Amino acid sequence: MKFEEFELERNQSLFEHKVDFNLSESGLHPLPLKDILTREEQQSLLDTELIYGYTKGTPLLRDRITGLYEGANRENILATSGSAEANFIAIMTTLNPGDELIYMVPNYLQIRGIARSCGVKVIELPLHEELGWQWDIDELRSRISKKTKMIAVCHPNNPTGSIVSADNMRGIIDIASENDCWILSDEVYRGAELNGIESPSFYGSYEKTIVNAGLSKAYRLPGLRLGWTVGPRDYIEKAWAFHDYTSISIAFHSDWVASKILKKERRKEILGGTKKHLNENLNTLREWVGSLDGKLSMNLPQAGAIAFVRIHMNESSEKLTYHIRDNFSVLLTAGKWFGLEGFLRFGYGPPNQYLSAALERIGTSLKKI
Ligand SMILES: Cc1ncc(COP(=O)(O)O)c(C=O)c1O
């Protein structure tokens, strides 16, 4: 088995720590532990022995995660190293070579890359900008075949920041259940909605549903590498056995911290801060795009610290990204790396002053084209 290159992550890994300004991240600026743990908790963390822990995640952590999904109990949860591992495990344990997977595009192309590398046929179904970056449900219906084993959504979506509409959600669930295929919903941006109303999870609407998520985006803790997969009990058992081969267990101190911050009140406080920060920064980005004499335009995102911005210049997304990176030391991400040419993704989650300074540089760079 040979894995194809994950262009987005490769470009980030190579340059994110080299540039003056990194706008390639999709989450909000990370939080330090001192801002989210009490003094006693900080001391207690220092005193904690770093054992292997429970390979499924501690019972306390899994109980806390159940609080995010109606109807879930501890046996429906496996803690993973980021939602990235959760996605990997979900594909490896449910699909076989020759199966078909219907996939949202544009998207964070991790699931596409893993599935294709394993011999799964990935059918890319476009989100339509004119529909507010939604699927046309009739189009989805027309692409289902006997070989379709999974419909994979990213909800809220990276890179567009769109949330699957209630009608589309119903349609996807109906089509999946009529055709006995899995729904895999990557919900890592859930909790980072600009209006502060958490988008409904796909979990619980249909038995063969897997939801993957984690603390990297809305909770601003990517360095914990804390994610999870939620699904039916027999799927979790298989996923757990596969996890013995990937990371065995998550880092014990990450489990410990996550158990604290997923307490209802603490969670609410963090997500409140997320909403405020997102709205402030989106205003900054929107004003800046408006000042560019039509060189760029954007549909407003509904969630995530990401905006998918249309290019109105005669340049490819990759060329423009490299030009801005190499001459002005600002890292953006190219639409091509999400499966759609003609766009740039702006990560607008850094501190506001940093964002403004980066945008000013990009403004200068665009004048030079
Ligand atoms: C849609 C989506 N899923 C999964 C991931 C992986 O995130 P993590 O492993 O940090 O939870 C990302 C990262 O950007 C993402 O955008």
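Residue by residue, the range 141-151 carries 3J(HN,Hα) couplings of 4, 6, 9, 6, 9, 5, 7, 5, 10, 7, 10 Hz when phi is fed to the Karplus relation 6.51 cos²θ - 1.76 cosθ + 1.60 (θ = phi - 60°); x denotes Gly or Pro. Here the Karplus relation 6.51 cos²θ - 1.76 cosθ + 1.60, evaluated at θ = phi - 60°, turns the backbone of the range 340-350 into coupling constants of 9, 6, x, 9, 10, 9, 9, x, 10, x, x Hz, with x for every Gly and Pro. Per-residue Cβ neighbour counts within 10 Å put Y322, Y348 in the sequence Y322, Y348, beginning with the fewest. Summary of the geometry: the range 54-104 and the range 265-303, compared by the centres of their Cα atoms, lie 29 Å apart. Put the Cα centre of the range 234-264 next to the Cα centre of the range 21-48 and the gap is 19 Å.
Summing Cβ point charges (Lys, Arg +1; Asp, Glu -1) relative to the Cα centre of the range 49-263 gives a dipole of roughly 560 debye. For R266 and S177, the FRET efficiency from 1/(1 + (r/R0)^6), where r spans their Cβ atoms and R0 equals 45 Å, is about 0.80.
Descending by average beta-carbon neighbour count within 10 Å, the peptides 84-94, 291-301 line up as 84-94, 291-301, the highest first. Using only side-chain charges placed at the Cβ, +1 for Lys and Arg and -1 for Asp and Glu, the dipole size of the chain relative to its Cα centre rounds to 380 debye. Using the Cα coordinates of the range 49-263, the gyration tensor eigenvalues translate into equivalent-ellipsoid semi-axes of 27, 19, 15 Å, sorted from longest to shortest.
Given their separation in residues at 0.36 nm each and the Cα-Cα distance between them, E5 and Y322 gain 112.3 nm when the chain is fully extended. The HN-Hα couplings worked out from phi for the range 160-172 by the Karplus form 6.51 cos²θ - 1.76 cosθ + 1.60 (θ = phi - 60°) are 7, x, 8, 9, 4, 5, 4, 5, 5, 4, 4, x, 5 Hz, whole numbers, x standing for Gly and Pro.
Just subtract the alpha-carbon distance of Y245 and H17 from 0.36 nm times their residue separation and send over the number in nm, one decimal. Intermediate values should be presented prior to the final figure.
On the way: separation 228, 0.36 × 228 = 82.08 nm, distance 3.01 nm.
Result for the pair: 79.1 nm of gain on full extension.
Is any residue of the range 309-332 close enough, with backbone N under 19 Å, to a label point placed 7 angstrom from the Cα of A357 along the Cα-Cβ axis, and if so, which? Residues 324-332 fall inside that zone.
Using every pair of separate Cα atoms, the Kirkwood estimate puts the hydrodynamic radius of the chain at 21.1 angstrom. Once you have a ≥ b ≥ c as the square roots of the Cα gyration tensor eigenvalues for the range 312-369, tell me rounded if a/c is under 1.5, and otherwise prolate or oblate according to whether a/b is larger than b/c. Because a/c hits 1.5 or more and a/b fails to exceed b/c, the range 312-369 counts as oblate.
Building the convex hull from the alpha-carbon atoms of the range 211-369 and averaging its projection over directions returns 11.7 nm².
Which pairs, out of K217/K263; K217/K368; K34/K264; K34/K217; K56/K263; K34/K276, put more than 22 Å between their alpha-carbon atoms? Over 22 Å Cα-Cα: K217/K368.
Every read-out reported here was derived from the displayed coordinates using simple, explicitly stated rules and does not represent laboratory data. Predicted model only: the values in this text are computed from it and were never measured. Neighbour counts are summed over all protein chains in view; Cβ atoms, including those assigned to glycine, are modelled from backbone coordinates with ideal geometry.
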